[in-house]
1. Quick one: count up the residues across the stretch 123-148 that are of a type outside the set (A, V, I, L, M) and under 30 Å from the mean Cα position of the chain (by Cα).
2. Give me the pairs, please: first residue somewhere in the stretch 90-104 and modelled with pLDDT under 75, second residue anywhere and of a type in the set (Ser, Thr, Tyr), beta-carbon distance under 7 Å, and either six or more positions apart or on two chains.
3. Consider Lys122 carefully, then state whether it is of a type in the set (Lys, Arg) and modelled with pLDDT under 80.
4. So is Val133 surrounded by 12 or more Cβ atoms within 10 Å (Cβ to Cβ), in contact (Cβ under 8 Å) with a residue 24 or more places away in the chain, part of a helix (DSSP H, G or I) and among the aliphatic types (A, V, I, L, M) or not?
5. What is the number of the single condition among (1) part of a strand (DSSP E or B); (2) among the basic types (Lys, Arg); (3) without any contact (Cβ under 8 Å) to a residue 60 or more places away in the chain that Arg123 does not meet?
6. Can you name every residue in the stretch 107-120 that is surrounded by 12 or more Cβ atoms within 10 Å (Cβ to Cβ) and of a type in the set (S, T, N, Q)?
7. Please go through the stretch 139-163 and pick out each residue that is touching a residue at least 40 places away in the same chain (Cβ under 8 Å) and either in contact with a helix residue (DSSP H, G or I) (Cβ under 8 Å, 6 or more places away or on another chain) or of a type in the set (Ser, Thr, Tyr) (or both).
Amino acid sequence: MDGVKRKQKVMEFASKYRYAILILVIGIGLMLLPTGNAGEKEPLDSEPPVPQPQSNVQQELQRILTQIEGAGRVEVMLTMASGEEIRYQTDIQLSGGENGGQQQDTVIITDGKHAQQGLVSKRIPPTYQGAIVVCQGADQPTVRLAVTDAVSKVTGLNSSRISVLKMK
């Protein structure tokens, strides 16, 4: 008998609050509908930071090198063998004809403002050719070694392509 009484109470509750229950069900149904942003995890405006241009790398390197004990004032010049290279994601479609040709298209994405841009798959940083560092403490071997090592780590150059000279 307990089950029958419960069923009656549920039916009375449902009939009394039928409009509220209907609105609740419709609201839950609307929240479950896809909005078109399901694949998007973050807005396109918050892309990964773009690597700094060469002049900023030089300035940042110069700022860091002045922090080396005994280096004193520092001036840096970097020369590049090649600039930054950006590779875009592509789709390759094979055609089943006699020639077996293929068509390659760049993947284009559109942001919320309807601006289109290629989908970047890889950023290859610039390749440096050489570096000249002029600093006040370059007459000390330990300073010279520390400066050469720091520049080598940042630029990927070996020590034969880095000159550390005494500032006048």
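The values are calculated or read from the model by the stated rules, or taken from the named source; none is laboratory data. Everything quoted here is computed from the prediction, not taken from an experiment. Neighbour counts are summed over all protein chains in view; Cβ atoms, including those assigned to glycine, are modelled from backbone coordinates with ideal geometry.
1. Of the residues in the stretch 123-148, 8 are of a type outside the set (A, V, I, L, M) and under 30 Å from the mean Cα position of the chain (by Cα).
2. Correct list of pairs: Gly101/Ser95; Gln102/Ser95; Gln103/Ser95; Gln104/Thr90.
3. no
4. No; evaluated as a whole, the condition is false for this residue.
5. All conditions pass for Arg123, except number (3).
6. The one that is surrounded by 12 or more Cβ atoms within 10 Å (Cβ to Cβ) and of a type in the set (S, T, N, Q): Gln117.
7. Listed by number, the residues that qualify are Thr142, Val147, Ala150, Val151, Val154, Thr155.
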